[in-house]
Amino acid sequence: MSTDFILGKDAKLYIGTAGAVIGAMTEVANVKDLGISKSTSKIDVSTRASGAYKAQAPGQAELGLTWGMVWKPADIAFQALRNASLNNTTVELAALDGDKAVSGKQGPKGRFYIDFDADQPLDGAIGVNVTATLETFDEWIEVGA
């Protein structure tokens, strides 16, 4: 059976210092479900010639990442994300649909500010909900392109 889809379990999140190249970035293995959101604002360019309908043009884009992690204070990636959140500094992140060493894998890469909220359930592991807000877009990576 041919597969023309990619499973989420095969996707990878990478972290590095600001401006790091993908080859120097480290995988963040402590990731549950990850979401990538991209939206573009709309600019009203309506004139009287537009008639009954507004004319719109694309404005600036926003890119964000959200994911869950298990609270693991000894994990190096967890520490880097926690410190970035506490110090209001950025980290370099790349969210790819597979391993960075495999040709054809792709996804966004940039510098992000980090926010996280911890959940401390009575019957379960402490978890962290991470929100990464884009500060600088570097590139859409296409491995081997």
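For Lys38, which aspartates and glutamates qualify as cross-link partners when the Cα separation must be under 15 Å and same-chain residues fewer than eight apart are set aside? Correct list for Lys38: Glu62, Glu135, Asp138, Glu139.
Measuring against 18 Å, Cα to Cα, the residue pairs Lys42/Lys109; Lys72/Lys109; Lys72/Lys105; Lys12/Lys32; Lys12/Lys105; Lys12/Lys100 contain Lys42/Lys109; Lys72/Lys109; Lys72/Lys105 as the ones spanning a longer distance. Backbone N atoms of the stretch 60-85 closer than 17 Å to the 7 Å Cα→Cβ label point of Asn129 belong to residues 64-71.
Residue order for Val102, Val28, fewest other beta carbons within 10 angstrom first, comes to Val102, Val28. With kT/(6 pi eta Rh) evaluated at 25 °C and eta = 0.890 mPa s, and Rh the Kirkwood radius from Cα pairs, the stretch 1-129 diffuses with a coefficient of 143 µm²/s according to Stokes-Einstein. Per-residue packing, averaged as other Cβ atoms within 10 Å, sorts the ranges 70-78, 114-122, 88-96 into the order 88-96, 70-78, 114-122, beginning with the highest. The GNM of the chain, with springs linking C-alpha atoms under 10 angstrom apart, assigns the highest mean-square fluctuation among Tyr53, Tyr113, Tyr14 to Tyr53. For the Cα atoms of the chain, what angle does the longest principal axis make with the long axis of helix 76-87, in degrees from 0 to 90, nearest 10? Compared with the principal axis, the helix lies near 60 degrees.
Just so you know, all these numbers are worked out from the coordinates, no wet-lab data involved. Everything quoted here is computed from the prediction, not taken from an experiment. Positions of Cβ are generated from backbone atoms using ideal geometry, with glycine treated the same way; all protein chains shown enter the neighbour counts.
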